[in-house]
Amino acid sequence: MSLRESAKRLTHYDVLVVTAAIWFLAKFLRYAFPPLFDSFQMSYGVSNAVLGTAYTGFMLVYALMQFPSGVLADRFGSVGVITAGAVVAGVAALALLVESPFFVLVVAMLVIGAGTGAHKTVAVRLLSHAYPSRTGRALGVFDTFGTFGGVVAPAAIVAVTGVSYALGASWRVIFLVAGLVGLSLAVAFRLRVPKRVPSATEGDAATSAASAIDLGQYTTLFRDWRFSVFALLTVLFSFTYNGFVAFAPLYLTQEAGLTDAAAGLLYSALFLASLVQLATGDLSDRVGRLPLIVGTLGLASVALIVFIVLTGVVGPVVLGAALIAVGIGSHGFRPVRGAYLMSAIPDEVAGGGLGVVRTLLMGAGAVAPAIVGVVSDVAGFQPAFGLLAASITAATVLGALLWTLE
């Protein structure tokens, strides 16, 4: 390999690493909240339903950012959108340093949702352009970085809340570090990526003119029944995944009877399973996407059913194994989903088209915590999680239908 080829490869790694690092921070912030639900309940005296609704608000704002961020990236380029999102999220995280009423906490969560919501749709577009022949592999690395935010978040919460700080409310230190890192990454991204991928600062002139007149160009994608079925599949998966990760820590402590430390460890393991994305993303480039989609969703469906059935029957080791299997299936699906969508959406509307789909799937994911919170308060956690299992099972059936008719 020549020196020039080596330099070019390193250039590509720069783009991937800094983009993925921002995604890591976004996921870290998202999954820092569920492990703090117990602390919030003690500090603010709120119920599962209230916490679930607040988290749903966070996720709804995140979801609503998908389409406009994609359209803006189509029109003006990816760099400005991603940079602005990182700055907004970083500033909102720093706002949590001040001890304040529950209402202020919720507002900060909503703003963090807006800032982090500007990232993934645009990042997928950027990476698919930077790595056109290895989109699946690039998205596998990208999603693995992000998911490790979920691995680190609960461990960081346990570590920080276990130490007494002179200022009190020690969990706020998490958001101090996250805010400063977010602002630093925004600067690094803005300075480096335009030099590496100049096209990332530019939009498409034709798309800009058209989108200013007719946003319906994005919704015409759904005239293809296969695209619509796949969009429904992703919506069902997102409902299950977001409802599950929002309440898994409370489920493990209240329903399975585990300690906070044991629940935090298993919650981290759920995200540690994201390493499988490196394999499934690469395999999707080689053997096709639909077989992997059916396999990963099928594994997650069966594992979630086993997890629910075995709760209270087996010890934490077996229950943890089922939880990790849910993680393997769920995380394995994510980069394949992104690669499938980018291959199905025309390049000139890639940002907005993906934004439409991600708005739908993240919207479904956003309402899941509120629904799980309400059902768990009324009927218990197992019926609530049973609803999640039914949703991902239906997604598996739709994936099998698409594969059969391919």
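The values are calculated or read from the model by the stated rules, or taken from the named source; none is laboratory data. Just so it is clear, the model here is predicted, and its values are computed rather than measured. Every residue, glycine as well, gets a Cβ built from its backbone with ideal geometry; the counts of neighbours run over all protein chains shown.
Out of (1) at pLDDT below 85; (2) of a type in the set (A, V, I, L, M); (3) buried (at least 17 other Cβ atoms within 10 Å of the Cβ), the odd one out for Ala92 is which?
Condition not satisfied by Ala92: (1).
When you go through Ala344, Ala325 one by one, which is the residue that is surrounded by fewer than 21 Cβ atoms within 10 Å (Cβ to Cβ), in contact with a Lys or Arg (Cβ under 9 Å, 6 or more places away or on another chain) and of a type in the set (A, V, I, L, M, F, W, C)?
Ala344
(1) free of Cβ contacts under 8 Å to residues at least 24 places away in the same chain; (2) over 23 Å from Gly57 (Cα atoms); (3) surrounded by fewer than 16 Cβ atoms within 10 Å (Cβ to Cβ): which one isn't true of Leu401, the others all being true?
Answer for Leu401: the failing condition is (1).
Could you look through segment 236-289, keep only residues that are over 13 Å from the mean Cα position of the chain (by Cα) and closer than 20 Å to Leu398 by Cα, and pick out the one that is surrounded by the fewest Cβ atoms within 10 Å (Cβ to Cβ)?
If we take residues in segment 236-289 being over 13 Å from the mean Cα position of the chain (by Cα) and closer than 20 Å to Leu398 by Cα, then Val287 is surrounded by the fewest Cβ atoms within 10 Å (Cβ to Cβ).
Just a yes or no: is a residue in segment 172-191 at pLDDT below 85, touching a helix residue (DSSP H, G or I) at 6+ places or on another chain (Cβ under 8 Å), crowded, with 24+ Cβ neighbours inside 10 Å and farther than 26 Å from Met342 by Cβ?
No: zero hits.
Keeping to segment 360-371, report how many residues are at pLDDT 80 or above and under 18 Å from the mean Cα position of the chain (by Cα).
6
Which residue, of Ala200, Ala246, Ala206, is at pLDDT below 90 and touching a Leu at 6+ places or on another chain (Cβ under 8 Å)?
When all the criteria are applied, what remains is Ala200.
Tally up the residues in segment 244-283 that are part of a loop (DSSP other than H, G, I, E, B) and free of Cβ contacts under 8 Å to residues at least 24 places away in the same chain, please.
Result for segment 244-283: 1.
What's the number of the only condition in (1) aromatic (Phe, Trp, Tyr); (2) surrounded by fewer than 21 Cβ atoms within 10 Å (Cβ to Cβ); (3) touching a Pro at 6+ places or on another chain (Cβ under 7 Å) that Phe40 fails to meet?
(3)
Condition first: in contact with a helix residue (DSSP H, G or I) (Cβ under 6 Å, 6 or more places away or on another chain), modelled with pLDDT of 85 or more and hydrophobic (A, V, I, L, M, F, W, C). Can you find one or more residues in segment 121-137 that meet it?
Yes, segment 121-137 contains at least one residue that is in contact with a helix residue (DSSP H, G or I) (Cβ under 6 Å, 6 or more places away or on another chain), modelled with pLDDT of 85 or more and hydrophobic (A, V, I, L, M, F, W, C).
Sort out which residues of segment 69-86 are closer than 27 Å to Ala368 by Cα and either outside any helix (DSSP H, G or I) or at pLDDT below 85 (or both), and write them in order of number.
Gly70, Val71
Which of the helices (runs of 4 or more DSSP H) found entirely inside segment 295-406 contain at least 1 residues meeting this: in contact with a strand residue (DSSP E or B) (Cβ under 8 Å, 6 or more places away or on another chain) and not basic (Lys, Arg)?
In segment 295-406, there are no helices (runs of 4 or more DSSP H) which contain 1 or more residues that are in contact with a strand residue (DSSP E or B) (Cβ under 8 Å, 6 or more places away or on another chain) and not basic (Lys, Arg).
Which residue out of Leu51, Leu60 is touching a Gly at 6+ places or on another chain (Cβ under 8 Å), surrounded by fewer than 22 Cβ atoms within 10 Å (Cβ to Cβ), of a type outside the set (Val, Ile, Thr) and modelled with pLDDT of 80 or more?
Leu60
Where the second residue is buried (at least 17 other Cβ atoms within 10 Å of the Cβ) and part of a loop (DSSP other than H, G, I, E, B) and the first is without any contact (Cβ under 8 Å) to a residue 12 or more places away in the chain and lies in segment 86-108, which pairs have Cβ atoms under 9 Å and are six or more apart or on separate chains?
That search, which allows pairs on different chains as well, returns Val104/Leu96.
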